[in-house]
């Protein structure tokens, strides 16, 4: 791949690529994440105060970003704020004003870091540089479209076999669905409605339940496993916010389809240049993917990224939306599914090679993760493959 091609599909180089199309003073790349909400990903020199503010809740009031994502078009500040309220918004006071910036455009991104997780890029100018013209906005949108297309082509080349046992057409293009108190979708509605009917029904029942459990909590988040009508288990991170002003009034529920281990494997530390703490956790995921079969301890894993086991576990869970133990199990189950479909290994061999203590332990954990025993899961997948071929 040439240097030019790498620039086109690398989120690290996105801002520089856009500057070649239209000059601007500063930029910011954000992405939705599997734990719910938005995360600043680029650039490496993003202001520390802005990162802290965003993590503490600024993302919940960032109308610019969310409207660009929801409407899939370029958004200016006065498209979402009145002139009277704009000067008092966190967007103006915490993002623009400290950097002496005045003009801003938010542009939607299909999936800047993780597949299925949309994002947004903000391009910003000072007063002396002037506002963006309609022609410049069009040029920026064209450049963003080229980035999205290049990013998707690169993913297709590296995708491999995807999630073992799951048909590619099953997977929604957007892995995030957001519903309000009336269960009306604000993001990912079409993709969510196309899912298996049993899966969708159970998800909505869980959403209603979580909204009633909020009470005095600002938000709650947990891991949700739901079986579809075939018995195949889907894993979501379900995050419920009591208030999320950027999307509207009242509570909102985020359904985040958890990335496959291959999706996590495609993420690089530099993809999250803006957040050193999150970026430093990515090598730990790589280490677990490479060593899951021998069962590395939390002490060993945390040592890889120079953190105490306690701090590593807490930050890993908070920033990535799952625990290290859950990620290790995901790695084991992913490999076990691949081996089961290969049909050339005995269950005892698969159990041993995937790091389970013995075959009965493998069967127990596999059923816990998938809803089916290894043998029944393989039978289910093979039956569906035959039905699909006919």
Only one of (1) part of a loop (DSSP other than H, G, I, E, B); (2) touching a residue at least 24 places away in the same chain (Cβ under 8 Å); (3) more than 25 Å from residue 254 (Cα to Cα) fails for residue 166. Which number is that? (3)
Listing of helices (runs of 4 or more DSSP H) fully contained in segment 340-390 that carry 3 or more residues being touching a residue at least 60 places away in the same chain (Cβ under 8 Å) and closer than 21 Å to residue 166 by Cα: 374-389
Elements of type strands (runs of 3 or more DSSP E) contained in segment 1-110, each with 3 or more residues being farther than 26 Å from residue 253 by Cβ and not assigned by TED's automatic domain parsing to the domain that holds residue 242: 26-32, 103-109
Pick out, from segment 178-290, the strands (runs of 3 or more DSSP E) lying fully within it that include 3 or more residues that are farther than 30 Å from residue 378 by Cβ and in contact (Cβ under 8 Å) with a residue 40 or more places away in the chain. 252-257
Which one of the conditions (1) more than 16 Å from residue 210 (Cβ to Cβ); (2) assigned to a strand (DSSP E or B) does residue 296 fail to meet, given that it meets all the rest? (2)
(1) within 22 Å of residue 319 (Cα to Cα); (2) within 19 Å of the chain's Cα centre (by Cα) all hold for residue 53 apart from (2)
Do the conditions hold for residue 307, that is, is it in contact (Cβ under 8 Å) with a residue 40 or more places away in the chain, out of contact with any strand residue (DSSP E or B) (no Cβ under 7 Å at 6 or more places or on another chain), buried (at least 19 other Cβ atoms within 10 Å of the Cβ) and not in a helix (DSSP H, G or I)? no
Looking only at residues that are buried (at least 20 other Cβ atoms within 10 Å of the Cβ) and touching a helix residue (DSSP H, G or I) at 6+ places or on another chain (Cβ under 8 Å) in segment 236-245, which one is farthest from residue 333 (Cα to Cα)? 244
Would you confirm whether any residue within segment 213-227 is at positive phi and in contact with a strand residue (DSSP E or B) (Cβ under 9 Å, 6 or more places away or on another chain)? no
Considering residues of segment 310-324 that are in a helix (DSSP H, G or I) and without any contact (Cβ under 8 Å) to a residue 24 or more places away in the chain only, the residue farthest from the chain's Cα centre (by Cα): 310
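The values are calculated or read from the model by the stated rules, or taken from the named source; none is laboratory data. Only a predicted model underlies this, so the values are computations on that prediction, with no experimental measurement involved. Please note: Cβ atoms are built from the backbone with ideal geometry, for glycine as well, and neighbour counts cover all protein chains shown.
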